[in-house]
1. Please compute the per residue accessible area over region 70-169 with all protein chains in place, 1.4 Å probe, rounded to a whole number of Å².
2. What distance in nm separates the two pseudo spin-label positions at Arg107 and Glu120, each 7 Å out from Cα along the beta-carbon direction?
3. Based on the Cβ-Cβ distance from Ala29 to Leu127, what FRET efficiency comes out when R0 is 45 Å, to the nearest 0.05?
4. What FRET efficiency comes out for Arg90 versus Ser16 if R0 is 25 angstrom and r is the Cβ-Cβ distance? Round to the nearest 0.05.
5. Quick check: residue separation of Tyr99 and Gln169 times 0.36 nm, minus the Cα distance between them. What number comes out in nm?
Amino acid sequence: MDEDLRREIREQALLSRADLGQAIGDYAAAESKLQLSVARQYPEFILSPGYYWDHGIAKFPFDVGFTLPFNGNKGEIAEARAGRELAGRRMLALQADIYGEIVAAERAERIARASTDAAERQLEAALRQKQTAELGVRVGSADLQDQLDAEIIAMRAELELVQMRAQLQNSRNNLEDALHAPLSGPELALAKSMSSIAFGAGS
């Protein structure tokens, strides 16, 4: 999978998380409460949103603020503003946790893939050694013990490759769970198709 597609899937995974959706909803509710608190005292005042989206990522600038022209309703407004900031921090913390899970799963998948590639090369070398030993026995340059040793090495390499492939599949499953998206197979083609349709509808 190329990096652009992986980045797109990562962003979609973020947006598809129900727990993050709930956190964003909590933030929106806190935002509305603050707006109402300000509006009750200062009907002409407009409060800008405290978070924005950047390529599917929720960002919360904590320096967003405002200056109250008078002293009225300070307590309620201060409480609502603190609630908004707390909700924003929770939203960002959850988002960071989700990305942490994705990054860890991606790292584990890369390691498992590299280990599988190494095991495949090791098996290829063991099979070549086995063929050389078999040929040596036939031409008399090696004995049966050499052939047996080569066969044992090749068998161990095969078992190692089976284990590495199992670990790779497990890591890929974990990554798919973290991304909430398939990495291969017909599901990936369907995901690409749906993404293209959504992009076309939005353009």
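1. For region 70-169, the solvent-accessible area averages 64 Å² per residue.
2. 2.5
3. About 0.10, to the nearest 0.05.
4. Working: r = 19 Å, r/R0 = 0.75.
E between Arg90 and Ser16, to the nearest 0.05, is 0.85.
5. Going from the current span to full extension adds 23.1 nm.
The values are calculated or read from the model by the stated rules, or taken from the named source; none is laboratory data. Bear in mind the structure is a predicted one, so any value in this text is a computation, not a measurement. Cβ: placed from backbone, ideal geometry, glycine included. Neighbour counts: every protein chain shown. Just so you know, the surface numbers come from the protein's heavy atoms only, side chains and all, with ligands and any DNA or RNA stripped out. Shrake-Rupley method; radii C 1.70, N 1.55, O 1.52, S 1.80 Å.
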